[in-house]
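Just so you know, all these numbers are worked out from the coordinates, no wet-lab data involved. Because the structure is a prediction, the values reported are computed rather than measured. We place every Cβ from the backbone using ideal geometry, glycine too, and count neighbours over all the protein chains shown.
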Amino acid sequence: MLYEASQEDEDRVRIRLFIVQGCGCQQNCSKKIEGKEERVLIHIFNMREMDKTDKDMYIMGSLFESSEKENTKRGKKRLKSTLTYTYLDTKICKKTFMLIYDIGKHSLRNIVSHLKTHGKIPRIHGNLGRRPKHSLKFEDIKDVIQIVVNFSEQYGIP
Ligand SMILES: [Zn+2]
């Protein structure tokens, strides 16, 4: 991985700042990553190295949707769906999730809406059927697979 020192420092400061300022939710998730800054930093870098589809799938794999019945004001029951954000099997809030998974509000919203509509299957991107400009060569594919394997081993994803 080749990152400019400045970028790495910037990310480090961003994580530090997040921990100091807090995520603002009741679970205080920022405390959960305190002392694990390096791990979070590596996670962020790994996210950036990932292919878009892999990143999508990995993010979807860390989101869990559950629905429970709740009573409406009129006394009727309705299904309320809740989304749980996780990191290393720990529940975290959306804000913390966005930091650790290096994802913006907009992209996350797209992934969540895809997840709710289609379930945990890959999103089809705009260039389906067309040959992407950067068609993967066999060597590249091998690299990608290796990255995913290493990543899975490191973070214990089945
Ligand atoms: Zn939080």
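Please arrange Lys69, Lys32 by how many other C-beta atoms lie within 10 Å of their C-beta, fewest to most. Walk me through the numbers before you get to the answer.
Numbers: Lys69 9, Lys32 17.
Neighbour counts put them in this order, fewest first: Lys69, Lys32.
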Open item on the list: How big is segment 2-130 along each principal axis, measuring the range of its Cα positions in Å and listing the largest first?
Closed with: 57, 46, 22
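For segment 2-130, what does the relative contact order come out to in percent, with C-alpha contacts under 8 Å and a separation of six or more?
23 percent
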Task: HN-Hα J in Hz across segment 90-101 - Karplus 6.51, -1.76, 1.60, θ = phi - 60°, x for Gly and Pro - done: 10, 6, 9, 8, 4, 4, 5, 4, 4, 5, 5, 8
TODO: Project the alpha carbons of segment 29-80 onto their principal axes and report the range along each, largest first, in whole Å.
DONE: 49, 30, 12
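How would you rank Ile19, Ile92, Ile121, going from fewest to most other Cβ atoms within 10 Å of each one's own Cβ? Don't skip to the end; give the middle numbers.
Working: Ile19 21, Ile92 24, Ile121 11.
By the 10 Å Cβ count, ascending: Ile121, Ile19, Ile92.
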Open item on the list: For a test of the definition: using alpha carbon positions, the gyration tensor, and the 1.5 limit on a/c, classify segment 1-58 as rounded, prolate or oblate.
Closed with: oblate
TODO: For each of Asp54, Asp9, count neighbouring Cβ atoms within 10 Å of the residue's Cβ, then give the residues from fewest to most.
DONE: Asp9, Asp54
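Given R₀ = 22 Å, what would the calculated FRET efficiency be for Lys91 paired with His118, taking r from the Cβ atoms and rounding to 0.05? Don't skip to the answer; put the middle values down first.
On the way: r = 24 Å, r/R0 = 1.08.
The formula returns an efficiency of 0.40 here.
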TODO: Round to the nearest 0.05 the FRET efficiency obtained for Arg12 and Ser81 when R0 = 35 Å and r is the Cβ-Cβ distance.
DONE: 0.45
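Place a +1 charge on the Cβ of each Lys and Arg in segment 2-130 and a -1 charge on the Cβ of each Asp and Glu, then give the dipole magnitude about the Cα centre in debye, rounded to the nearest 20. Mind showing how you got there, number by number?
Details: 26 positive and 17 negative charges, 258 e Å.
In debye, rounded to 20, segment 2-130 gives about 1240.
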